[in-house]
Amino acid sequence: MMKHFNLRSVACVIFMFALVLICVSGNVYAASDDPGADRLSGRNIPEEFYGEPSNPFSRISRFGAFTSACPFTNETYTHQDAFVNRPISHGMDVSQWQKDIDWAAAKAAGIEFAFVRVGYRGYGDAGTLNESTKDIYFDQNMKNANAAGIPVGIYVFSQAITPAEAVEEANYILQHIGSYRISMPLIMDYEYASDSNSGGRLKKAKLSKDAATEVCMAFCSTIAAAGYTPMVYANKSMLTNQLNAKTITDNGYRIWLAHYTKNTDYTGEFDFWQYSSQGKVNGISGNVDMNFYYAKEGDNFELIGIPLGSTVISPVANQAYTGQKITPAVTLTYEGIPLTENTDYTLKYKDNKNLGTASIIINGKGRFGGSITVKFNIVPKRPSNIKAKKRTDNYITLKWPKIGTATGYQIYRATSPNGTYKKIKQFSKNSTITYKNTGLTGGQRYYYKIRTFIKSNGKTYFSDYSPVAAIDTPLGYHRYAEAKSGAVIYASESTSDTVIATPAPGAKMTVSYSTVDNNGTTWYCVSYQAEGQTFTGMVKKSKVTVTMNGKVAKTNIVNVRKSASTSSKKLTSLKKNKKVTVLKTKTKKGVTWYQVTFKKSGKTYKGWISAPYLKLT
């Protein structure tokens, strides 16, 4: 029995298969996810690539006044005034869509440089970037362009929407360079997918200008760190509306402008201009993208010796605002050996006058190649120190130097040197340079630091913190520590610090203040006399028994109780001015009590006396 085929189904299958696989000269094109398939093949050039000057009768500073004819389009192009003294070279950019190229013929026709696509990131949500998205003519084009002696750079058709993906694309280029000679920049082709109705994953991401620029900068910094020259390719619309192009060029990176016109009105900085997709070049069947290169003096895109990315660059500390341009030094080392400025590298500073983030552009020189940008912050000047103007057992008055450029000050306090600092006061006048911190505990060490702030253009900028000031409150009486077994006096509140002395059990020491270390352990600062010397240092609270001296006051006779209560059993009574040793302090129902010990009639007592009837000495 004869089976009947559904011709519509067969046609549908064939059509779907054709969308996925496009066979040309025996090569299979994986075009279904290629974001540049339409534009690079010339089937569909997005309208944002085209344009003429908005007003041909007006001439802004970037428009040109000199022209040259192009043998590859048979058109005459006007070059901007900025390029008047710069040599102009003819070049092309190619991909698998140009198929087999006779590179020797292209060179003989006048092609002086070329950019070759290494591959692409898929425009779908997956954003595929691997060997399956490699341009199938990449190796053939690189090999034959090198053999023909045409200077070559490499580009990747990007769909990156995060800095991490941009770094991945930069590394994708670097991993495929192999032994090919690179004489031109390495490029991120940053544009929407021409082969997708939605514009692809980049367009759908709807990145802000800042976010999109950050993506491009991540690509550039990765390429520069490897010792090559990075460049960003984008059409005029993308550079103007979706990117902060000036941020890219201000950091020393190149721009390749795509604008299909005879006289571009793009006002940003660029070094390459893709002016047409309709070029005719011997050795290529069909159209090819055409480019001008405006060479700068000293341009050398080849990997020169050692990439700056192999060096160690010291971080640049925050710099204090002065109102003048700030040019901090940078330290670079290679294999432990310091490099020399103007011999191994040069420095260029950007945005280094006002408060905020500044840049140092480091360009390799001599045996070092590539470019790296280092950021640093310009912040308000910080106070140099804090001092105690006055202090008592319950307050400390702080004083600090006036900072003339400041809007005000913020004061922070902690109970351990590296503990949690809490803001305790803010002043909004730079003339206020003292503060009385009340409600403190006597015999306690406190730690203070202060920073200035400046309010400018709706933003608040903070200085670094001042050095920490350790200030303790005095007591109106003395405290003593009796050493327990294992007591050790250290140079600071750390058992890893120098041992000052090891007092024997029962040895007496004078306590000046207490403090808390970063682990929450309480320490006492003590003075210990032994063998005719005085040793001062820190001892753990758990290794001593702390006592105070007192004497009966306010009344001729005071009762000593068994516990901290007036209803507790009376142990004995003491006369006025009788001296006792205070062991503990306890507050009960709002009343402070002291546990004391003393001798009376040859007997040792231990009991409690209400605080109002005892004076600490």
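The values are calculated or read from the model by the stated rules, or taken from the named source; none is laboratory data. Owing to the predicted nature of the structure, the values given are computational and were not obtained by experimental measurement. A quick note on method: Cβ atoms are made from the backbone with ideal geometry, for glycine too, and the neighbour counts reach across all protein chains shown.
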- Note on the structure: If we take the stretch 37-151, then helices (runs of 4 or more DSSP H) inside it with 2 or more residues that are modelled with pLDDT under 95 and of a type outside the set (Gly, Ala, Ser) are 37-41
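Residue by residue, here is whether (1) surrounded by fewer than 21 Cβ atoms within 10 Å (Cβ to Cβ); (2) in contact with a Phe, Trp or Tyr (Cβ under 7 Å, 6 or more places away or on another chain) holds:
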residue	(1), (2)
ASN354	yes, no
ALA358	no, yes
ASN363	yes, yes
GLY370	no, yes
VAL374	yes, no
ASN377	yes, no
SER384	yes, no
LYS390	yes, no
ASN394	yes, no
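Quickly run through the stretch 169-191 and pick out the residues that are touching a residue at least 40 places away in the same chain (Cβ under 8 Å) and either within 24 Å of the chain's Cα centre (by Cα) or not in a loop (DSSP other than H, G, I, E, B) (or both).
First, the residues of the stretch 169-191 that are touching a residue at least 40 places away in the same chain (Cβ under 8 Å): 169-174, 176, 181-191.
Once the filter is applied, which keeps residues that are touching a residue at least 40 places away in the same chain (Cβ under 8 Å) and either within 24 Å of the chain's Cα centre (by Cα) or not in a loop (DSSP other than H, G, I, E, B) (or both), the stretch 169-191 yields GLU169, ALA170, ASN171, TYR172, ILE173, LEU174, HIS176, LEU186, ILE187, MET188, ASP189, TYR190.
When you look at ILE372, is it assigned by TED's automatic domain parsing to the domain that holds GLY42 and either under 16 Å from ALA224 (Cα atoms) or not in a strand (DSSP E or B) (or both), yes or no? Full working, then the answer.
Working: assigned by TED's automatic domain parsing to the domain that holds GLY42: no; either under 16 Å from ALA224 (Cα atoms) or not in a strand (DSSP E or B) (or both): yes.
Spelling it out, it is not the case that ILE372 is assigned by TED's automatic domain parsing to the domain that holds GLY42 and either under 16 Å from ALA224 (Cα atoms) or not in a strand (DSSP E or B) (or both).
Tell me which strands (runs of 3 or more DSSP E) are completely within the stretch 251-316 and hold 2 or more residues being under 25 Å from ASN352 (Cα atoms), or say none if there are none. Break it down into steps so the answer makes sense when it comes.
Values: elements: 254-258, 272-279, 288-294.
Ranges flagged: 254-258.
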- Message: Any residue at all in the stretch 555-565 that's touching a Phe, Trp or Tyr at 6+ places or on another chain (Cβ under 8 Å), at pLDDT below 90, more than 30 Å from TYR409 (Cβ to Cβ) and not small (Gly, Ala, Ser)?
- Response: yes
- Query: Identify, please: which residue in the stretch 542-579 is free of Cβ contacts under 8 Å to residues at least 60 places away in the same chain and within 60 Å of the chain's Cα centre (by Cα) and is, among those, surrounded by the fewest Cβ atoms within 10 Å (Cβ to Cβ)?
  - Reply: SER542
- Query: Restricting the search to the stretch 101-134, which residues are under 23 Å from TRP273 (Cα atoms) and within 40 Å of the chain's Cα centre (by Cα)?
  - Reply: PHE113, ALA114, PHE115, VAL116, ARG117, VAL118, GLY119, TYR120
- Tally of residues being part of a loop (DSSP other than H, G, I, E, B) and within 19 Å of ILE471 (Cβ to Cβ) across the stretch 503-543: 2
- Message: Being surrounded by fewer than 17 Cβ atoms within 10 Å (Cβ to Cβ), modelled with pLDDT under 95 and within 33 Å of the chain's Cα centre (by Cα) narrows it down to one residue among GLY309, GLY323; which is it?
- Response: GLY323
- Query: Quick check, is ILE361 among the hydrophobic types (A, V, I, L, M, F, W, C) and more than 25 Å from GLU493 (Cβ to Cβ)?
  - Reply: yes
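Being of a type in the set (Asp, Glu) and out of contact with any Asp or Glu (no Cβ under 8 Å at 6 or more places or on another chain) is the filter; apply it to the stretch 182-239 and report the residue that is nearest to ILE255 (Cα to Cα). Give the derivation first.
Residues of the stretch 182-239 that are of a type in the set (Asp, Glu), as a first pass: 189, 191, 195, 210, 214.
Filter once more, keeping what is out of contact with any Asp or Glu (no Cβ under 8 Å at 6 or more places or on another chain): 189, 191, 210, 214.
Details: ASP189: 10, GLU191: 13, ASP210: 17, GLU214: 15 Å.
Filtering the stretch 182-239 for residues that are of a type in the set (Asp, Glu) and out of contact with any Asp or Glu (no Cβ under 8 Å at 6 or more places or on another chain), the one nearest to ILE255 (Cα to Cα) comes out as ASP189.
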- When the stretch 74-95 is checked residue by residue, the ones that are under 38 Å from the mean Cα position of the chain (by Cα), more than 21 Å from ALA114 (Cβ to Cβ) and among the aliphatic types (A, V, I, L, M) are ALA82
- Near pairs, Cβ below 8 angstrom, 6+ apart or cross-chain, from the stretch 192-216 (closer than 27 Å to THR373 by Cα and part of a loop (DSSP other than H, G, I, E, B)) to any residue that is modelled with pLDDT of 95 or more and of a type in the set (S, T, N, Q): LEU207/GLN242
- Note on the structure: Residue set TYR190, TYR172, TYR123, TYR155; condition within 20 Å of THR222 (Cα to Cα), buried (at least 17 other Cβ atoms within 10 Å of the Cβ) and in contact with a Gly (Cβ under 7 Å, 6 or more places away or on another chain); output residue TYR172
- Subset of the stretch 400-432, residues among the β-branched types (Val, Ile, Thr) and either over 25 Å from LEU355 (Cβ atoms) or surrounded by fewer than 18 Cβ atoms within 10 Å (Cβ to Cβ) (or both), comes to THR405, THR407, THR415, THR420, ILE424, THR432
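Please specify each residue of the stretch 229-250 satisfying the condition of being crowded, with 21+ Cβ neighbours inside 10 Å and in contact (Cβ under 8 Å) with a residue 40 or more places away in the chain.
In the first step, residues of the stretch 229-250 are kept if they are crowded, with 21+ Cβ neighbours inside 10 Å; the result is 229-236, 238-239, 242-243, 245, 248.
The answer is THR229, PRO230, MET231, VAL232, TYR233, ALA234, ASN235, LYS236, MET238, LEU243.
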- Those residues that are without any contact (Cβ under 8 Å) to a residue 60 or more places away in the chain and buried (at least 17 other Cβ atoms within 10 Å of the Cβ), I need them from the stretch 512-534; list them, please. TRP523, TYR524, VAL526, TYR528
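Does at least one position in the stretch 504-511 carry a residue that is buried (at least 16 other Cβ atoms within 10 Å of the Cβ), of a type in the set (Val, Ile, Thr) and at pLDDT below 95?
Yes - at least one qualifying residue is present in the stretch 504-511.
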